[in-house]
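Peer 1: I'd like to ask you about the structure that follows.
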Amino acid sequence: MPLTSEKPIVIQISGLKKTYASGESELTVLEGINFELMQGESLAIVGPSGSGKTTLLGLCAGLDIPSAGSVELLETKLEALTEDGRAAFRGENVGFVFQNFQLIPTLTAIENVTVPLELRGINNAEAKARQLLDEVGLGKRTTHYPIQLSGGEQQRVALARAFINDPQILFADEPTGNLDGSNGGHVVDLLFDLNAQKGTTLVLVTHDLDLAKKCDKVLKLRDGRIETEMASA
Ligand code: ADP
């Protein structure tokens with residue numbers, strides 16, 4: 001075991017600001033956002049509706065670009081990449097989970113899981129997809145279509161899909177927002193099992209306090225600024 005166990009920093013956010021044009025003036029929806037996360041750490045972004053959580057997640061994932069400041073993932077500054085470059089970077093390094101699952105209704109569970117790799121021209125991912133579906137408890141549902149699955153099961157398929165490219169970072173927007181307590185709890189447990197097994201860094205937007213409590217850090221936004229930043233208990 002090496003003595004230096006310090007993990008690498010995988011997310012470094014500095015001086016992040018986002019403004020939108022509003023008539024003749026500017027509307028600032030995020031400002032003064034700084035934080036960093038090490039490999040395997042988990043962060044919950046919480047705060048009231050309209051406080052900037054989704055905007056911050058989109059900037060961190062390179063889906064949107066900041067008006068000022070920097071987003072560095074895995075030592076790559078996203079603002080230095082083109083839009084295509086950011087998309088390729090996400091395809092290789094990042095996974096996503098959404099509140100409304102966003103499965104493709106015409107594809108089976110296993111076909112949904114392999115989509116991110118197929119988009120990158122990588123075929124023959126079936127065995128890996130099957131293994132991931134097994135890990136989320138859906139080994140017997142691989143040929144079901146989304147409509148034949150419950151909400152909790154659909155989100156488990158979405159989790160398997162998010163991990164198919166072995167992402168170093170996973171972004172999730174209200175991953176339990178459409179699930180009832182027990183299904184939500186199951187998805188949260190799976191998320192953290194996968195995080196522990198694979199060392200994935202997690203960034204989650206959530207209203208779910210049980211989920212936030214499980215994260216290493218919690219960032220509370222108010223009116224586009226960090227109101228409090230705490231290590232979770
Ligand atoms: P949250 O996720 O915390 O509910 P959002 O990040 O969705 O908050 O929104 C933060 C603020 O930014 C809100 O006031 C919202 O109206 C504003 N906003 C978001 N997107 C746009 C946009 N494209 N143009 C103008 N204002 C926007």
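Peer 1: For the stretch 152-185, give me each residue that is assigned to a helix (DSSP H, G or I), surrounded by 18 or more Cβ atoms within 10 Å (Cβ to Cβ) and small (G, A, S).
Peer 2: Within the stretch 152-185, G152, A158, A160, A162, G184 meet the criteria.
Peer 1: Quick test for you: out of Q154, Q197, Q168, pick the one residue that is free of Cβ contacts under 8 Å to residues at least 12 places away in the same chain and at negative phi. Explain how you work it out, then say what you get.
Peer 2: Numbers: Q154 fails: free of Cβ contacts under 8 Å to residues at least 12 places away in the same chain; Q168 fails: free of Cβ contacts under 8 Å to residues at least 12 places away in the same chain.
Just a single option satisfies the conditions, and that option is Q197.
Peer 1: Take the residues in the stretch 39-74 that are hydroxyl-bearing (S, T, Y) and either within 15 Å of the ligand (Cβ to nearest atom) or without any contact (Cβ under 8 Å) to a residue 40 or more places away in the chain (or both); name whichever of them is farthest from D210 (Cα to Cα). Spell out how you get there, then give the answer.
Peer 2: Initial filter on the stretch 39-74 (hydroxyl-bearing (S, T, Y)): 42, 49, 51, 54-55, 67, 70.
So of that shortlist, the ones also either within 15 Å of the ligand (Cβ to nearest atom) or without any contact (Cβ under 8 Å) to a residue 40 or more places away in the chain (or both) come out as 49, 51, 54-55, 67.
Numbers: S49: 18, S51: 20, T54: 19, T55: 23, S67: 33 Å.
By that ranking, first place goes to S67.
Peer 1: Something else: May I ask you to list pairs of residues, at least six apart or on different chains, whose Cβ atoms are under 6 Å apart, with the first in the stretch 201-227 being touching a residue at least 24 places away in the same chain (Cβ under 8 Å) and surrounded by fewer than 21 Cβ atoms within 10 Å (Cβ to Cβ) and the second being part of a strand (DSSP E or B) and among the polar types (S, T, N, Q)?
Peer 2: Close Cβ pairs satisfying both conditions: D216/S42; K220/T228.
Peer 1: Those residues that are under 21 Å from K198 (Cβ atoms) and more than 20 Å from the chain's Cα centre (by Cα), I need them from the stretch 125-147; list them, please. Let's see the steps before the verdict.
Peer 2: In the first step, residues of the stretch 125-147 are kept if they are under 21 Å from K198 (Cβ atoms); the result is 125-139, 142.
Result: A125, E126, A127, K128, R130, Q131, D134, G137, L138, G139, T142.
Peer 1: Which of the residues spanning the stretch 20-34 are within 21 Å of the chain's Cα centre (by Cα) and either modelled with pLDDT under 95 or away from the ligand (no atom under 16 Å from the Cβ) (or both)?
Peer 2: Residue satisfying the conditions is N34 alone.
Peer 1: Scanning the stretch 186-233 for residues that are of a type in the set (D, E, K, R) and part of a loop (DSSP other than H, G, I, E, B), which turns out farthest from T55 (Cα to Cα)? First the steps, then the outcome.
Peer 2: From the stretch 186-233, those of a type in the set (D, E, K, R) are 189, 193, 198, 208, 210, 213-214, 216-217, 220, 222-223, 225, 227, 229; that's our starting set.
Next, from what is left, pick out any that are part of a loop (DSSP other than H, G, I, E, B): 208, 216, 223.
On the way: D208: 18, D216: 21, D223: 12 Å.
Checked the stretch 186-233; the qualifying residue farthest from T55 (Cα to Cα) is D216.
Peer 1: Look through L149, L159, L190, L103 and report the one residue that is farther than 30 Å from V71 by Cα and either touching a residue at least 24 places away in the same chain (Cβ under 8 Å) or among the β-branched types (V, I, T) (or both).
Peer 2: Numbers: L159 fails: farther than 30 Å from V71 by Cα; L190 fails: farther than 30 Å from V71 by Cα; L103 fails: farther than 30 Å from V71 by Cα.
From the options L149, L159, L190, L103, the qualifying one is L149.
Peer 1: So which of N195, N165, N183, N178 ends up being farther than 20 Å from L30 by Cβ, within 16 Å of the ligand (Cβ to nearest atom) and modelled with pLDDT under 95?
Peer 2: When all the criteria are applied, what remains is N178.
Peer 1: Answer yes or no: is there a residue in the stretch 62-84 that is under 22 Å from K217 (Cβ atoms), at pLDDT below 95 and surrounded by 20 or more Cβ atoms within 10 Å (Cβ to Cβ).
Peer 2: Within the stretch 62-84, one or more residues are under 22 Å from K217 (Cβ atoms), at pLDDT below 95 and surrounded by 20 or more Cβ atoms within 10 Å (Cβ to Cβ).
Peer 1: Search the stretch 3-19 for residues being away from the ligand (no atom under 16 Å from the Cβ) and among the hydroxyl-bearing types (S, T, Y), and hand back the single one that is surrounded by the most Cβ atoms within 10 Å (Cβ to Cβ). Lay out the reasoning, then the answer.
Peer 2: Filtering the stretch 3-19 for residues away from the ligand (no atom under 16 Å from the Cβ) gives 3-12, 14-15.
Those left that are additionally among the hydroxyl-bearing types (S, T, Y): 4-5, 14.
On the way: T4: 4, S5: 6, S14: 15.
Among them, the one singled out is S14.
So that you can scan it fast, the table gives a plain yes or no per residue for (1) among the aliphatic types (A, V, I, L, M); (2) out of contact with any Cys (no Cβ under 9 Å at 6 or more places or on another chain); (3) over 26 Å from C60 (Cα atoms):
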site	(1), (2), (3)
R90	no, yes, no
G95	no, yes, no
I104	yes, yes, no
L119	yes, yes, no
R130	no, yes, yes
S150	no, yes, yes
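The values are calculated or read from the model by the stated rules, or taken from the named source; none is laboratory data. Bear in mind that the values here come from a model prediction, so they are computed numbers and not experimental data. Here the Cβ is made from the backbone with ideal geometry for all residues, glycine too, and neighbour counts use every protein chain on show.
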